[in-house]
Amino acid sequence: MMHIIRRERFSAAHKLCRENWTEEENLSVFGPCSHPNWHGHNYELFITVKGDIDPETGFVINLKDLSKIVKHKIIDKVDHRNLNLDVDFLEGKVTTSENIAVAMWEEIEADISAFGCSLHCVKLVETENNMVEYYGK
């Protein structure tokens, strides 16, 4: 079993809030990340794919194909966007790193599986100190 990892970067704005809560409730739970005028991050995204090495190509998945999937299904939708307002696959979700990673997994899992390998991990780095890893259900 081989694991390969593709790294992407993107910049995006968001705020942590529940629309049905008051500003005070959001502030008490989410702190300054609930600021009504948003805030942003320079994210790093690591997509790990696992599978057997194809004896003909030497690939688990062609990195060009993996790059196209991640760019089309995720990066083009999130880079220089407002995650709360602009991203279809995050609609109705609190844009925590945890929820973003799960939603990204759901966006690309089937496309990656179509190449005969499987998605192993979505790692999202929000800051140098805060990151999440999601390994599916």
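The values are calculated or read from the model by the stated rules, or taken from the named source; none is laboratory data. Computed from a predicted model, the values in this text were never measured in an experiment. Every residue, glycine as well, gets a Cβ built from its backbone with ideal geometry; the counts of neighbours run over all protein chains shown. Just so you know, the surface numbers come from the protein's heavy atoms only, side chains and all, with ligands and any DNA or RNA stripped out. Shrake-Rupley method; radii C 1.70, N 1.55, O 1.52, S 1.80 Å.
A few points about this structure:
- The criterion of at least 1 residues that are aliphatic (A, V, I, L, M) and more than 21 Å from I5 (Cα to Cα) is met, among helices (runs of 4 or more DSSP H) falling completely within the stretch 19-137, by 23-30.
- Residues that are farther than 16 Å from T127 by Cβ and surrounded by 17 or more Cβ atoms within 10 Å (Cβ to Cβ), drawn from the stretch 34-49: S34, I47, V49
- Flag for I75 being surrounded by 13 or more Cβ atoms within 10 Å (Cβ to Cβ), in contact with a helix residue (DSSP H, G or I) (Cβ under 8 Å, 6 or more places away or on another chain) and of a type outside the set (D, E, K, R): no
- Reported count of residues in the stretch 91-107, each being open to solvent by less than 80 Å² (accessible area, probe 1.4 Å) and under 10 Å from the mean Cα position of the chain (by Cα), is 9.
- Scan of the stretch 85-106 for residues that are farther than 30 Å from T57 by Cα and out of contact with any Leu (no Cβ under 7 Å at 6 or more places or on another chain), ordered by number: L85, D86, V87, D88, F89, E91, G92, K93, E98, N99, V102
- Filtered by the rule that a residue be among the β-branched types (V, I, T) and closer than 15 Å to G116 by Cβ, the stretch 51-78 gives I53, T57, V60, I61, I69.
- Flag if V87 is closer than 16 Å to F10 by Cβ, in contact with a Ser or Thr (Cβ under 9 Å, 6 or more places away or on another chain) and either open to solvent by less than 50 Å² (accessible area, probe 1.4 Å) or charged (D, E, K, R) (or both): yes
- Applying the condition of being polar (S, T, N, Q) and in contact with a strand residue (DSSP E or B) (Cβ under 7 Å, 6 or more places away or on another chain) to the stretch 107-137 and asking which residue is farthest from G58 (Cα to Cα) yields T127.
- Long-range neighbours under 9 Å by Cβ, at least six apart or interchain, first residue of a type in the set (S, T, N, Q) within the stretch 1-25, second surrounded by fewer than 11 Cβ atoms within 10 Å (Cβ to Cβ): S11/H80
- Filtered residues of the stretch 31-57 (kept if among the β-branched types (V, I, T) and free of Cβ contacts under 8 Å to residues at least 12 places away in the same chain): T57
- Test: residue in the stretch 59-67 that is over 16 Å from G136 (Cβ atoms), charged (D, E, K, R) and open to solvent by less than 50 Å² (accessible area, probe 1.4 Å): yes
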